[in-house]
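For reference, the structure is listed below as structure tokens.
The values are calculated or read from the model by the stated rules, or taken from the named source; none is laboratory data. Quick caveat, the model's predicted, so the values are computed rather than measured. Cβ atoms come from the backbone with ideal geometry, glycine included; neighbour counts cover every protein chain shown. These area figures cover heavy atoms from the full protein model, side chains too; ligands, DNA and RNA do not enter into them. Shrake-Rupley method; radii C 1.70, N 1.55, O 1.52, S 1.80 Å.
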Amino acid sequence: MVTAGPTREYLDPIRFLTNASSGEMGACLAQTLRHLGARVVLIHGPMSAPVASGIRRICVVSAHQMLQKALVWGQRADAVIGAAAVGDWRFAGRFPRKVKKSRRSLWVRLSPNRDILVELGKRKRIFGRPKILVGFALETERLEKNALRKLRSKGLDWVVANSPASLGGSSIRMTLLSADGRRFRYPALSKRLAASRILSRIAGEAS
Ligand code: CTP
């Protein structure tokens, strides 16, 4: 199971909070897994990158919807890769009608969303599934230190550390860190090549 793309949190029927993710990294991972012979389910938000045929797609909008689908599919999966740029916050209240600009000011409150990988990490510990849990870490500072913290706090086997430059772009500069202390740094790669590097490391047949 792979998650991909951004999520959207609506303020009213028109406006939403989101991010610049194109979904390409997740789509490339799904496609490469498919080429390797895996049965792949891709749970994704509203994304612009194309998805190859032969991949089961589950379209969601909000982080909560993604969580619900990921819990169902993740517990059956051998491996889960969380490549989605999941929104950390949602509006505490959603307006049922369009908010008019005649309001002189607008205060909004945000509530935190549950973390999908944390929830899957708990299930992995208890039920042994998914067997492999991989996450991404998008960091503007202390890349490897923060990524390692995420790896531990979410119970991941691997984390792909990268910077916001990769969000929505066609290439990624990444460092791959494993729970057993291995570290692999890569130069900027196309997302397709990055997907095959990540998967060959995870499969233990590193090139
Ligand atoms: N993630 C998730 N559920 C969330 C938020 C993030 O599963 N609600 C996953 C992402 O898919 C990614 C990993 O957690 O694989 C790290 O996401 P990132 O945005 O780098 O970090 P956060 O955990 O959201 O923490 P912070 O924003 O504080 O850096």
statement: Expected output for segment 185-202 (first residue over 14 Å from VAL134 (Cα atoms) and open to solvent by 60 Å² or more (accessible area, probe 1.4 Å), partner assigned to a helix (DSSP H, G or I) and not basic (Lys, Arg), Cβ below 7 Å, 6+ apart or cross-chain) is ARG192/CYS28
query: For segment 90-115, what are the residues that are in a strand (DSSP E or B), surrounded by 14 or more Cβ atoms within 10 Å (Cβ to Cβ) and not hydrophobic (A, V, I, L, M, F, W, C)?
result: ARG90
query: Restricting segment 116-161 to residues that are open to solvent by 50 Å² or more (accessible area, probe 1.4 Å) and outside any helix (DSSP H, G or I), which is nearest to the ligand (Cβ to nearest atom)?
result: LEU138
Those strands (runs of 3 or more DSSP E) lying entirely in segment 1-73 with at least 2 residues within 16 Å of the ligand (Cβ to nearest atom): 2-4, 41-44
- prompt: Regarding SER166, is this residue within 17 Å of the chain's Cα centre (by Cα) and either of a type in the set (Ser, Thr, Tyr) or exposed (fewer than 14 other Cβ atoms within 10 Å of the Cβ) (or both)?
  reply: yes
- prompt: In this structure, is GLY87 among the small types (Gly, Ala, Ser), buried (at least 18 other Cβ atoms within 10 Å of the Cβ), within 12 Å of the ligand (Cβ to nearest atom) and in a loop (DSSP other than H, G, I, E, B)?
  reply: yes
Candidate set: segment 10-37, residues that are over 22 Å from SER166 (Cα atoms) and touching a residue at least 24 places away in the same chain (Cβ under 8 Å); chosen: the one least open to solvent (accessible area, probe 1.4 Å): ASP12
